[in-house]
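Below you'll find the structure, written out as structure tokens, and then a few comments.
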Amino acid sequence: MIEAVNIAKALNIKLEIEDHVRKVIEVAEARANNKSSMLQDIERKKKTEIDYINGAIVKLGKKLKIKTPVNKTLTAIVKAIFQFPLPASDC
């Protein structure tokens, strides 16, 4: 999340990270038993929205010369899982 905040700051967009962290925690706790849409996409062998979420942060980071190692890694992991899925019994 800090990478997205850094990009927002570079674009003169004001974000209060504490508010967003609190909201992420609230949503995660409320939806703890649900499967994320990205996991559902992977299970259905459908393309995920990773390029439009974490990938967008990576793309903006490159453009603005801001390092985004967490989002870059997450994007690569999800793409690898999609490209080389494990059998259901291995998950």
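Between Lys23 and Lys35, what is 0.36 nm times their sequence separation minus the Cα-Cα distance? Round to one decimal in nm.
2.5 nm
Within a 10 angstrom radius of the beta carbon, how do Val5, Val58 rank from fewest other beta carbons to most?
Fewest-to-most Cβ neighbours within 10 Å comes out as Val5, Val58.
Under the 0.36 nm per residue contour assumption, what length would be gained going from the current alpha-carbon distance of Glu43 and Ala76 to full extension?
Length difference between fully extended and current span is 10.1 nm.
From the convex hull of the Cα coordinates of the chain, what is the mean projected area in square nanometres?
6.8
Of Ala32, Ala80, Ala56, which is the most mobile in a GNM of the chain whose springs link Cα atoms less than 10 angstrom apart?
Highest fluctuation among the options: Ala32.
Looking at the chain as a GNM with Cα springs under 10 Å, which of Val24, Val78, Val70 has the largest mean-square fluctuation?
Of Val24, Val78, Val70, the Gaussian network model singles out Val24 as fluctuating most.
Can you return the lysines within cross-link range of Lys23? Criterion is Cα-Cα under 17 Å, with same-chain partners fewer than 8 residues away left out.
Lys14
Under 13 Å Cα-Cα from Lys67, which aspartates and glutamates qualify once same-chain neighbours fewer than 8 residues away are excluded?
Counting by Cα, and skipping residues close in sequence, Lys67 has these aspartates and glutamates nearby: Glu3.
Bear in mind that the values in this text are calculations on the coordinates, not laboratory data. Keep in mind the model is a prediction, meaning the values are calculated, not measured. Backbone-built Cβ (ideal geometry, glycine too); neighbour counts: all protein chains shown.
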